[in-house]
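J.: Handing you a structure now.
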Amino acid sequence: MAATPLQKKFNIEDSTEAFYAYMCAAGGGAANEQALKVLCDFSPELYDWCVGCGMDFEGGDLYPGAHINSFNKTGYTLFYTGNEQARAYARVTPPVPRGHSSLPSSSGKDIFDALAATVDSLGVQVMTGTPGKRLVQDERGRVVGIIAGAKGDVAIRARKAVILTAGGFGNNEKMMAEHYVYPNPRGAGIISAGNDNGTGILMGQSAGAATFGMGSFQLGRPLSTMGDALARGLIMGESGRRLVAEDEYNTFVGKAVGLALTERCFAVYDEAARTEGAPENFLGDPVATCGSLAEVAEAIGADADAVASTFAFYNESASLGEDREFGKDPRFMIPFEEGPFSVYACGSESCMVGSLGGLKIDVDAHVLDLSDEIIPGLYAAGRNAGSIFGWYMGSGASVADVLTFGIIAGRNASQEGAEA
Ligand SMILES: Cc1cc2nc3c(=O)[nH]c(=O)nc-3n(C[C@H](O)[C@H](O)[C@H](O)COP(=O)(O)OP(=O)(O)OC[C@H]3O[C@@H](n4cnc5c(N)ncnc54)[C@H](O)[C@@H]3O)c2cc1C
């Protein structure tokens with residue numbers, strides 16, 4: 001969120017325009033920019049709405065000295081959440097912390113506890129164990145209800161409209177096989193609690209909906225940048241070429257290894273960086289420990305001259321105090337010492353994968369058909385709505401779009417005319 005009272009409390013200058021500029025850059029040109037603009041502009045209102053639900057931001061502190069990502073630190077409520085401080089993004093707009101966590105634990109649990117209490121207090125009827133199966137449309141195409149039920153069918157008539165919020169499609173192997181676009185191998189881990197079966201998206205498509213951003217995925221955690229010293233490694237492919245600024249947020253590193261022109265990718269540490277960063281906590285045991293760069297090349301199957309020149313250029317950049325290739329923070333540009341060098345596999349096969357695409361919505365959260373016309377009586381939000389952020393998913397970003405477009409959908413649905 002941007003331009004919030006919590007940021008003001010810590011004298012942080014921010015604006016919804018700067019938030020939008022950062023998010024557009026981070027989305028890699030693939031965001032739903034109109035919806036993203038609404039999300040950014042909605043920030044101050046979302047903050048008040050969250051506080052109204054019982055979330056406590058202002059009792060916490062600004063997390064100190066965070067480089068890239070430092071979420072879920074108990075007692076702190078304002079954080080950097082992604083790549084704000086990485087050079088390419090800091091050039092777009094001055095980096096400021098925009099991740100808001102609620103007390104007491106500073107984790108998502110407090111957010112959802114507050115939402116659940118609000119649902120209870122409003123007397124909302126929640127039907128668990130009743131999965132939606134298909135939408136019901138009248139003769140004019142208006143969505144007027146839904147057929148649901150784990151065993152047998154329950155027909156539920158919509159007095160106003162239907163809002164689809166049934167999550168992504170990471171657990172639907174058929175949809176994943178159809179839409180996953182990264183050329184390099186997909187990891188087995190899915191970023192999901194287990195029910196991202198794509199049913200909401202499929203239901204919308206059956207009612208004539210278009211999709212947006214189905215090829216957008218986040219690849220997380222080949223290397224966590226949450227520990228600064230980890231960023232002192234060098235990530236390279238079998239070509240022997242370096243691939244990314246190693247201090248970028250983990251989904252940006254994931255994107256780089258997913259798109260790399262070589263399948264297998266590796267993170268190399270010298271002994272000082274390995275001791276300080278403990279990469280084995282994130283990447284498992286090293287695939288090789290090498291006494292020289294020639295041995296590193298042999299271990300990763302790369303040309304020895306290519307590896308030698310990659311390290312020579314990197315070391316020269318480090319001594320100049322500037323990453324001339326990818327713009328890694330100079331703090332992490334430390335020349336590689338003599339061996340031993342520890343080599344860890346960190347290709348896309350080690351990434352967790354999350355789907356980001358879904359139904360195409362407009363700025364009012366209406367679901368659109370293939371002609372960009374509103375499907376009357378149908379709204380979507382969260383992972384059921386297609387990739388508001390493009391390829392980006394910083395920590396907490398999804399909470400922002402789930403809530404923003406959930407609220408917008410709810411408000412608009414409540415204004416719909418009487419029963420169809
Ligand atoms: C381990 C983990 C860590 C994460 N960390 C972060 C993070 O740090 N920051 C961040 O922003 N995001 C994070 N995410 C992602 C975030 O949780 C999701 O993007 C977000 O929950 C999506 O919200 P949603 O409401 O669209 O879907 P969900 O939260 O998945 O909710 C969808 C609900 O719909 C239900 N459902 C499914 N099918 C049907 C059906 N047919 N009928 C009725 N109900 C159905 C599901 O059971 C589920 O309860 C993380 C996810 C995981 C799994």
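J.: Quick check: anything in the stretch 305-321 outside any helix (DSSP H, G or I) and modelled with pLDDT of 90 or more? Even if it seems obvious, please write down each step before you answer.
T.: At the first step, the residues of the stretch 305-321 found to be outside any helix (DSSP H, G or I) are 321.
Those left that are additionally modelled with pLDDT of 90 or more: 321.
The answer is yes, given that some residue of the stretch 305-321 is outside any helix (DSSP H, G or I) and modelled with pLDDT of 90 or more.
Results for (1) in contact (Cβ under 8 Å) with a residue 40 or more places away in the chain; (2) closer than 24 Å to Asp372 by Cα; (3) within 21 Å of the chain's Cα centre (by Cα), shown as yes or no for each residue.
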position: Gln7; (1), (2), (3): yes, no, no
position: Asp14; (1), (2), (3): yes, no, no
position: Ala35; (1), (2), (3): yes, yes, yes
position: Gly52; (1), (2), (3): no, no, no
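J.: Okay, next question. Failed condition for Val124, given (1) outside any loop (DSSP other than H, G, I, E, B); (2) hydrophobic (A, V, I, L, M, F, W, C); (3) within 32 Å of the chain's Cα centre (by Cα), with all others met?
T.: Of the numbered conditions (1) outside any loop (DSSP other than H, G, I, E, B); (2) hydrophobic (A, V, I, L, M, F, W, C); (3) within 32 Å of the chain's Cα centre (by Cα), the odd one out for Val124 is (1).
J.: Specify which of the listed residues (Ala88, Ala114) is under 30 Å from Pro5 (Cα atoms), outside any loop (DSSP other than H, G, I, E, B), assigned by TED's automatic domain parsing to the domain that holds Asp56 and under 19 Å from the mean Cα position of the chain (by Cα). It would help to see each step written out before you state the result.
T.: Details: Ala114 fails: under 19 Å from the mean Cα position of the chain (by Cα).
The conditions single out Ala88.
J.: Sticking with this one: Tell me whether the stretch 203-213 contains one or more residues that are closer than 30 Å to Pro376 by Cβ and near the ligand (Cβ under 9 Å from one of its atoms).
T.: Yes, there is a match, as at least one residue in the stretch 203-213 is closer than 30 Å to Pro376 by Cβ and near the ligand (Cβ under 9 Å from one of its atoms).
J.: What are the pairs with Cβ atoms under 9 angstrom where one residue, in the stretch 194-206, is assigned by TED's automatic domain parsing to the domain that holds Met176 and the other, located anywhere, is within 6 Å of the ligand (Cβ to nearest atom) and basic (Lys, Arg)? Sequence gap at least six, or different chains.
T.: Every condition considered, the pairs that remain are Asp196/Arg383; Gly200/Arg383; Ile201/Arg383.
J.: Please report, ordered by residue number, the strands (runs of 3 or more DSSP E) entirely within the stretch 337-420 with at least 1 residues that are assigned by TED's automatic domain parsing to the domain that holds Gly237 and more than 16 Å from the ligand (Cβ to nearest atom). Lay out the reasoning, then the answer.
T.: On the way: elements: 341-345, 352-355, 366-368, 374-380.
Correct list: 341-345.
J.: May I ask you to verify whether Gly28 is in contact with a Pro (Cβ under 9 Å, 6 or more places away or on another chain), touching a residue at least 12 places away in the same chain (Cβ under 8 Å), farther than 16 Å from Met1 by Cβ and of a type outside the set (S, T, N, Q)? Even if it seems obvious, please write down each step before you answer.
T.: Details: in contact with a Pro (Cβ under 9 Å, 6 or more places away or on another chain): no; touching a residue at least 12 places away in the same chain (Cβ under 8 Å): yes; farther than 16 Å from Met1 by Cβ: yes; of a type outside the set (S, T, N, Q): yes.
No.
J.: From the residues in the stretch 370-420 that are aromatic (Phe, Trp, Tyr) and under 18 Å from Gly167 (Cβ atoms), which one is surrounded by the most Cβ atoms within 10 Å (Cβ to Cβ)? Outline the logic, then answer.
T.: Narrowing the stretch 370-420 to residues aromatic (Phe, Trp, Tyr): 379, 389, 391-392, 405.
Narrowing further to those that are under 18 Å from Gly167 (Cβ atoms): 379, 389, 405.
Details: Tyr379: 31, Phe389: 26, Phe405: 27.
The extreme case among them is Tyr379.
J.: If you don't mind, another one. Taking the stretch 94-111, which residues are assigned to a strand (DSSP E or B) and either within 21 Å of the chain's Cα centre (by Cα) or within 10 Å of the ligand (Cβ to nearest atom) (or both)? Let's see the steps before the verdict.
T.: Keep residues of the stretch 94-111 that are assigned to a strand (DSSP E or B), which gives 99-100, 103.
Listed by number, the residues that qualify are Gly99, His100.
J.: If you don't mind, another one. Just to be sure I understand the filter: pairs with C-beta atoms under 8 Å, separated by 6 or more residues or on different chains, first member in the stretch 162-186 and outside the structural domain of Cys346 (by TED's automatic domain parsing), second member buried (at least 22 other Cβ atoms within 10 Å of the Cβ) and acidic (Asp, Glu). Which pairs pass?
T.: Here the result reads Gly167/Asp196; Gly168/Asp196; Phe169/Asp196; Gly170/Asp196; Asn171/Asp196; Asn172/Asp196, each pair linking the stretch 162-186 to a residue that is buried (at least 22 other Cβ atoms within 10 Å of the Cβ) and acidic (Asp, Glu).
J.: Let me spell it out: the conditions are (1) away from the ligand (no atom under 14 Å from the Cβ); (2) part of a helix (DSSP H, G or I); (3) not aliphatic (A, V, I, L, M), and Arg159 meets all of them except one. Which number is the exception?
T.: Unmet for Arg159, out of (1) away from the ligand (no atom under 14 Å from the Cβ); (2) part of a helix (DSSP H, G or I); (3) not aliphatic (A, V, I, L, M): (2).
Residues are listed down the side, and each one gets a yes or a no for (1) within 9 Å of the ligand (Cβ to nearest atom); (2) over 17 Å from Val402 (Cβ atoms); (3) surrounded by 14 or more Cβ atoms within 10 Å (Cβ to Cβ):
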site	(1), (2), (3)
Gln125	no, yes, no
Gln137	no, yes, yes
Arg142	no, yes, yes
Asn172	no, yes, yes
Ala177	no, yes, no
Val181	no, yes, no
Ile201	no, no, yes
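The values are calculated or read from the model by the stated rules, or taken from the named source; none is laboratory data. What you are looking at is a predicted structure, and each value in this text was computed from that prediction instead of being measured. Virtual Cβ from ideal backbone geometry, glycine too; neighbours counted across all protein chains shown.
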